[in-house]
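Undergrad: Take a look at this one; I'll ask things after.
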Amino acid sequence: MSAEGNKRLVRRLVDEAVGKRNLDVLDQIAAGEFAESAKRWVSPFQSAFPDFEMEIVDLIAEGEKVVACFKCSGTHRGEWLAIPATGRRFENVDEVYIFVVEDGKLVSALGVEDNLSRLRQLGITLRAG
């Protein structure tokens, strides 16, 4: 698959699975454990943040990898990480993921999310021990 084709997979993940809440698209664009993991992550996150949005800031593709930079926003309306809804909103939280494509499907992802900013904006303080 071409670099542009690989980027299209990530765009579909964001636009269709996240934006349009169509988890069935994961069966078309992802494979194996990654597809199942994505379903287990996306659905509860969307329940906790029903207005969740991911904006694609940048996509860089080379070979079988796509690096994606996102800005994410959402309002905490349901339980997340065993934390009851705060009703507060987080805005423009940075996320960077490296996706791997094999045989025309997303098969893995490694990401870094600025959860400290997300938690601060939501007014959530985690305590050790």
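Undergrad: What are the ³J(HN,Hα) values, in whole Hz, obtained from phi via the Karplus relation 6.51 cos²θ - 1.76 cosθ + 1.60 with θ = phi - 60°, for each residue of the stretch 47-52 in sequence order, with x given for Gly and Pro?
TA: Taking θ as phi minus 60°, the curve returns 5, 6, 10, x, 9, 4 Hz for the stretch 47-52.
Undergrad: Once you order the gyration tensor axes a ≥ b ≥ c over the Cα atoms, which shape class does the stretch 1-54 get: rounded for a/c under 1.5, otherwise prolate or oblate by comparing a/b with b/c?
TA: In terms of gyration-tensor shape, oblate.
Undergrad: Here's something else I'd like to know. I'd like the trypsin sites (Lys or Arg not before Pro) in the stretch 64-129 restricted to DSSP loop residues with at most 15 other Cβ atoms within 10 Å, sorted by number.
TA: Listed in order of number, the matching sites are R88, R127.
Undergrad: Sort all Cα-Cα distances of the stretch 29-71 into consecutive 10 angstrom bins from zero, then give the percent of pairs in each bin up to the one containing the longest distance.
TA: In whole percents, the pair-distance histogram is 22, 41, 35, 3.
Undergrad: Would you grab the residues whose amide H sits under 5 Å from the one on N22? Only those 5+ places off in sequence or on another chain, please, with H modelled 1.01 Å from N.
TA: Result for N22 returns A17.
Undergrad: For K20, list the lysines whose Cα falls under 22 Å from its own Cα; do not include residues on the same chain fewer than 8 positions away.
TA: Partners within reach: K7, K39, K71, K105.
Undergrad: Which distance in Å, rounded to a whole number, links the C-alpha centroids of the stretch 16-48 and the stretch 86-129?
TA: Cα centres, the stretch 16-48 to the stretch 86-129: 15 Å.
Undergrad: What percent does the relative contact order of the chain come to when contacts are Cα pairs within less than 8 Å and at least six residues apart?
TA: 23 percent
Undergrad: Then there is this: Rounded to whole Hz and in sequence order, give me ³J(HN,Hα) for the stretch 78-92 from the Karplus expression 6.51 cos²θ - 1.76 cosθ + 1.60, θ = phi - 60°, writing x for Gly and Pro.
TA: x, 4, 9, 6, 6, 10, x, 4, 9, x, 8, 10, 10, 10, 6
Undergrad: Another one. List, in order, the whole-Hz ³J(HN,Hα) value for each residue of the stretch 57-71 obtained from phi through the Karplus relation with A = 6.51, B = -1.76, C = 1.60 and θ = phi - 60°; use x for Gly and Pro.
TA: Per residue, the Karplus-derived 3J(HN,Hα) values read 8, 7, 10, 10, 10, 8, x, 8, 10, 10, 9, 10, 10, 10, 10 Hz.
Undergrad: For n ≥ 4 DSSP H runs only, could you compute -39500 (n - 2.57) per run for the chain, divide by its residues and tell me the 222 nm figure to the nearest 500?
TA: Roughly -9000 deg cm²/dmol at 222 nm, from the helical runs in the chain.
Undergrad: For M1, M54, give me the order by solvent-accessible area with a 1.4 Å probe, most accessible first, ignoring ligands, DNA and RNA.
TA: If we order M1, M54 from most to least accessible, we get M1, M54.
Undergrad: Got a number for the accessible area of S73? Probe 1.4 Å, square angstrom, nearest 10.
TA: 10 Å²
Undergrad: How big is the shadow of the Cα convex hull of the chain, averaged over all directions, in nm²?
TA: The number I arrive at for the chain is 7.8 nm².
The values are calculated or read from the model by the stated rules, or taken from the named source; none is laboratory data. Here the structure is a predicted model, which is why all the values come from computation and not from measurement. Backbone-built Cβ (ideal geometry, glycine too); neighbour counts: all protein chains shown. With ligands, DNA and RNA removed, areas are computed over all heavy atoms of the protein, side chains included. Shrake-Rupley method; radii C 1.70, N 1.55, O 1.52, S 1.80 Å.
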